[in-house]
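Everything below concerns the one structure shown next.
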Amino acid sequence: MSDCIFCRIVAGEIPANEVARTKDAVAFRDLNPQAPTHVLVVPVAHLSNAAATDSDEGERVVGRAVRLAVQVAAQLGIAESGYRLVMNTGADGGQSVGHLHVHLLGGRKMTWPPG
């Protein structure tokens, strides 16, 4: 999608502080970090949100994004202490970009409820 900022980041049209890339997803640092480690993992395939994963292809896309998030957590040294993975869906869920993405948050103790 030409008007999707995450599609444009994946395509290399918009620069990002990339930390990892596979053929299925790209991980880059969030511009407005909410924790010492805050990375967004964005699938290459455009899905609007988690609700769009209700298919075999959608399941594959989200599964590979989560797998990359777990690998990045290990790469960045937060796997042992723990981290949080978040997917926001819809306006009330806090989703601000209409492209499925996983927030990887770590580097500090997370509180509950999240807010």
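The values are calculated or read from the model by the stated rules, or taken from the named source; none is laboratory data. All of these numbers come straight from a predicted model, not from anything done at the bench. Ideal geometry is used to build each Cβ from the backbone, glycine not excepted, and the neighbour counts take in all protein chains shown.
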Check: Quick one: would you say Leu104 is within 19 Å of Leu31 (Cβ to Cβ) and assigned to a strand (DSSP E or B)?
Finding: yes
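State whether the residues of segment 57-72 include one that is in contact with a Gly (Cβ under 7 Å, 6 or more places away or on another chain) and modelled with pLDDT of 95 or more. I'd like the intermediate steps shown before the answer.
First, pick out the residues of segment 57-72 that are in contact with a Gly (Cβ under 7 Å, 6 or more places away or on another chain): none.
No, because not a single residue in segment 57-72 is in contact with a Gly (Cβ under 7 Å, 6 or more places away or on another chain) and modelled with pLDDT of 95 or more.
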Item checked: Subset of segment 84-115 [closer than 17 Å to Val42 by Cα and basic (Lys, Arg)] -> Arg84
Check: Residues of segment 25-48 being buried (at least 17 other Cβ atoms within 10 Å of the Cβ) and over 17 Å from Gly107 (Cβ atoms), which ones?
Finding: Ala25, Val26, Val42, Pro43, Val44, Ala45, Leu47
Next item on the list: Hey, can you tell me all the residues within segment 1-20 that are over 24 Å from Arg108 (Cβ atoms) and either assigned to a helix (DSSP H, G or I) or touching a strand residue (DSSP E or B) at 6+ places or on another chain (Cβ under 7 Å) (or both)?
Entry: Ile5, Phe6, Cys7, Arg8, Ile9, Val10
Checklist line | Residue list for segment 33-48, filter: under 19 Å from Gly90 (Cα atoms) and either part of a loop (DSSP other than H, G, I, E, B) or among the polar types (S, T, N, Q) (or both) | finding: Ala45, His46, Leu47, Ser48
Check: Within segment 49-58, is even one residue touching a Ser or Thr at 6+ places or on another chain (Cβ under 8 Å) and in a loop (DSSP other than H, G, I, E, B)?
Finding: yes
Item checked: Odd one out for Ala91, checked against (1) touching a Pro at 6+ places or on another chain (Cβ under 8 Å); (2) surrounded by fewer than 17 Cβ atoms within 10 Å (Cβ to Cβ); (3) closer than 24 Å to Ile14 by Cβ -> (1)
Note to self: Can you find, within segment 7-22, the residue that is surrounded by the most Cβ atoms within 10 Å (Cβ to Cβ) among those that are touching a helix residue (DSSP H, G or I) at 6+ places or on another chain (Cβ under 9 Å) and more than 16 Å from Val97 (Cβ to Cβ)?
What the structure shows: Val19
